[in-house]
Amino acid sequence: MRGVRTRLLLVVVGALSIALALSTIGFNVLLAHAASSDANTELRARAAEELAGLRVVGNRIEIIQTGQAGLGESGVWIFNGTRVIARPHTRPEVDVAARALIAGPTRLYDVPGSEERLLAVPVSSGKRRVGSLVVGISLAPYHHTQRTALITALTVFLLVLAFASAAAWWLLRSALRPVARMTEQAATWSEEDLDRRFALGEPYDELTRLARTLDALLERLAASLRHERRFSAEMSHELRTPLAKVMAEAELALRRERSPSEYRETLEAVLGNAQQIERIVGTLVSAAQDESQLQGVSNAVEVAEAVVAAYSDDASSRGVELRLDGVAEPVRVGVDREIAERILHPVVENALRYGRGEVRVSVARNGTTVLFAVDDDGPGVTSDERETIFEPAVRGSAGRSTDTGAGLGLALARRLARAVSGDVEAHPGPSGHFVVRLPAV
């Protein structure tokens, strides 16, 4: 299949060939017409010259003066009636053709099989025709000129076509070079090369504007793909714990026969975890759909109480005391309750994972900000880790020796917090200290 450059080159060469061919044909037609007209003019001039050298006496034609009719192969025939009184030395077929013209009117005649043209003119006395004058001329010089002109025109045609084709090929190659480079680049990119761009600089023509448009399209596609991957990773991370609890409760319930009250407790635990899964899915879907529309109003104290209650069993199984420091009055936060809980969940879970015996959660208002402080007596984080631990799939030095967690919870918490004009910060020190900042109402 021919490429665009080849097709364009064929169109240019084809159009140029047609234009040059028409020009060549037109030039040669005009040249032939001009040559024929010049030959006729020459014949008429010679006929007039010869007529001026003739005199009619009665029924006789007398030659007073001889012109240039005898020059060359062609010449002059003078007929007195049907009798020839002067004729040139020429080929028989030309002589026969000249004799055939003596009875007719003034006319031009091209001798077949010969390059001779004849002009027959009546010789009259008054209104009475006495004889005829036939003047001939050779067309060979005119035909030679036409052939020379045709060869020259064809040579120029081929030279111009070759030069123009080479110039068109070079121009098309130069103009389409960005497209070829873009094609080669795109062919080497994989689904992992989300940040690769054509990067042809500021647009200055249609092709570079196309590259800029494609770069913008790739940016949108890359953002969408990154968002999808992040959503999948966060969904997997957030659902792992409640799903594990549902499976554990079901496995314990199936090991042996239990009393109705024990089955009820198991079903309540399963229901609680299923409700947590539902909240997680709803929250992540809402965040994925539009992170800019997460604002609402809720009670920060109730948010903290709900999160502490959700992890109370987990804290007990780890042997860690999880408590909420007392708050005297409600603190209103400008974030939907489920979103605020989803922001706080990973931070508390992280504290329980690394806390040795105690995790404390506190709520306070500081001007236009609500602060959720989460403290644990674990190893804490270093200054170098205070930002990197919020990157997806990255854990601090305290968690690198274990396989606990996937390192996505804190990243999700910070992303959601920043989506509602808040933030999540880690303060370095000998023990864990995290602060969740959300806008106050």
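All of the numbers you see were taken from the coordinates with simple rules; none came from a lab. Nothing here was measured: the structure is a model prediction, and the numbers come from that model. All Cβ positions, even for glycine, are placed from backbone atoms using ideal geometry, and neighbour counts span all protein chains on display.
Observations on the model:
- Backbone HN-Hα couplings from phi across region 127-140 [Karplus 6.51/-1.76/1.60, Hz, Gly and Pro as x]: 9, 9, 7, 9, x, 9, 10, 10, 10, x, 9, 7, 8, 4
- Over the C-alpha trace of region 314-382, radius of gyration and Dmax come out as 13.0, 38 angstrom.
- Estimated vicinal HN-Hα couplings, Hz - region 369-382 in sequence order (Karplus 6.51, -1.76, 1.60; Gly, Pro = x): 10, 9, 10, 9, 9, 10, 10, 9, 9, x, x, x, 10, 8
- Net charge dipole size for region 28-172 [Lys, Arg +1 and Asp, Glu -1 on Cβ; Debye, nearest 20]: 660
- Relative contact order of region 34-129, pairs being alpha-carbon contacts under 8 Å that are 6 or more residues apart, as %: 19
- Summing charges over neighbours of VAL84, with a neighbour being any other residue whose Cβ is under 10 Å away from its Cβ, gives +2 when K and R count +1 and D and E count -1.
- Rg [Å, one decimal], Dmax [Å, integer] - region 1-139, C-alpha atoms: 23.5, 87
- For VAL56, the residues whose modelled amide H falls within less than 5 Å of its own, excluding neighbours fewer than 5 places apart on the same chain, are GLU62.
- Here region 68-138 is treated as a sphere whose radius is the Kirkwood value from Cα pairs; by Stokes-Einstein at 10 °C and 1.306 mPa s it diffuses with a coefficient of 133 µm²/s.
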